[in-house]
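Before any comments, here is the structure.
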Amino acid sequence: MSSDGLHPDGTDTIVLIHGLWLTALSWEHWVKRYRARGYRVLAPDWPGMEPGTDELGGRPPEIARLGITEIVDHYDHLIRGLRQPPAIIGHSVGGLVAQMLLDRGLGAAGVAIDPAPTRATVRTTVSMLRAAFPALWNLVDARRTVPLTSRQFRRVLTNTLSRREAAAVRDRYYTPAPGRVIRGVSFPKPPDAATVVEFGNGQRAPLLLIAGGRDRIFPVTLTRTSFDAYTRSNAVTTYKEFPERSHYTIGEPGWEQVADYALRWAMENAGGRAIG
């Protein structure tokens with residue numbers, strides 16, 4: 001780092017974006033690891049999900065009405081207020097949000113981990129239907145959150161963990177997910193859908209797509225489809241697969257390997273140099 005704390009020709013800032021059924025606290029180990037390497041790390045919750053907004057063990061009504069557009073705009077506002085473009089790393093729906101932010105011209109580099117599909121690449125898989133079924137049951141009323149039981153949480157998010165390990169993860173990081181968000185990434189949408197990404201955008205920052213081979217929500221086929229779609233762009237796009245990792249790859253044992261790979265790639269492609 002230079003004397004002013006910046007990485008030469010790169011960035012010293014990382015923005016982490018969480019995904020479905022998890023709060024921003026799910027990034028706590030990544031935050032600690034990256035800060036120990038000298039980076040400024042921001043890991044805010046989705047709008048309205050900040051600590052202290054819980055009501056009677058649930059979420060206030062505004063969370064149930066939250067959609068993809070509101071989430072993307074929330075991080076857009078944050079990033080535009082930073083002194084330099086950050087590396088943007090997103091997980092699950094956060095991975096989709098990261099791609100949409102890059103498409104808007106934001107960020108020095110982006111990493112999408114087990115990303116939710118864009119409108120053009122969505123495929124309704126059995127696992128996605130199992131996770132989204134409560135939200136899709138009533139297609140008229142989208143203004144509610146969708147919970148997961150302990151059994152459902154383990155089956156779709158933490159399937160590589162023991163029952164006890166999965167319960168501990170759920171106790172610390174779990175929150176019901178907005179039904180609008182689930183529906184928005186579960187079925188194809190019209191051309192003006194919120195999840196549109198311009199795959200041919202050659203002006204966006206470099207993007208790394210990471211897939212988990214045992215992901216039951218957004219399986220590798222979805223991520224590979226996105227990668228293939230990005231080949232029409234001149235912008236840098238890379239695909240990496242971790243064969244034995246679940247959707248909860250950011251926290252299951254061995255998460256350090258994923259975190260370090262994402263950091264190294266992001267900083268190299270942002271023009272900077274990873275520390276440590």
For F242: the one exception among (1) touching a strand residue (DSSP E or B) at 6+ places or on another chain (Cβ under 7 Å); (2) surrounded by fewer than 16 Cβ atoms within 10 Å (Cβ to Cβ): (2)
Can you list the helices (runs of 4 or more DSSP H) found entirely within region 57-114 that contain at least 3 residues being surrounded by 18 or more Cβ atoms within 10 Å (Cβ to Cβ) and either at pLDDT 95 or above or in contact with a Pro (Cβ under 6 Å, 6 or more places away or on another chain) (or both)? 68-80, 93-103
So how many residues does region 135-156 have that are closer than 17 Å to I217 by Cβ, out of contact with any strand residue (DSSP E or B) (no Cβ under 9 Å at 6 or more places or on another chain) and either of a type in the set (A, V, I, L, M, F, W, C) or modelled with pLDDT under 85 (or both)? 2
Could you tell me whether W46 is modelled with pLDDT of 85 or more, aromatic (F, W, Y), out of contact with any Pro (no Cβ under 9 Å at 6 or more places or on another chain) and under 21 Å from A116 (Cα atoms)? no
Only unsatisfied item for F153, checking (1) in contact with a helix residue (DSSP H, G or I) (Cβ under 6 Å, 6 or more places away or on another chain); (2) more than 24 Å from P86 (Cβ to Cβ); (3) not in a helix (DSSP H, G or I), is (3)
Scan (1) more than 25 Å from W255 (Cβ to Cβ); (2) in contact with a Phe, Trp or Tyr (Cβ under 9 Å, 6 or more places away or on another chain); (3) surrounded by 22 or more Cβ atoms within 10 Å (Cβ to Cβ) for the single condition G200 breaks and write down its number. (3)
For residues that are part of a helix (DSSP H, G or I) and in contact with a helix residue (DSSP H, G or I) (Cβ under 6 Å, 6 or more places away or on another chain), scanning just region 17-32, find the one that is surrounded by the fewest Cβ atoms within 10 Å (Cβ to Cβ). L25
List the pairs whose first member sits in region 172-184 and is in a strand (DSSP E or B), whose second member is aliphatic (A, V, I, L, M), and whose Cβ atoms are under 7 Å apart, counting only residues at least 6 apart or on separate chains? Y174/L22; A177/L20; A177/V146; P178/I63; P178/A64; P178/L66
Would you mind stating whether S226 is of a type in the set (S, T, N, Q), surrounded by 20 or more Cβ atoms within 10 Å (Cβ to Cβ) and either modelled with pLDDT of 95 or more or out of contact with any strand residue (DSSP E or B) (no Cβ under 9 Å at 6 or more places or on another chain) (or both)? no
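The values are calculated or read from the model by the stated rules, or taken from the named source; none is laboratory data. Just so we're clear, the structure is a prediction, and the values are computed from it rather than from any experiment. Neighbour counts run over all protein chains shown; Cβ positions are idealised from the backbone, glycine included.
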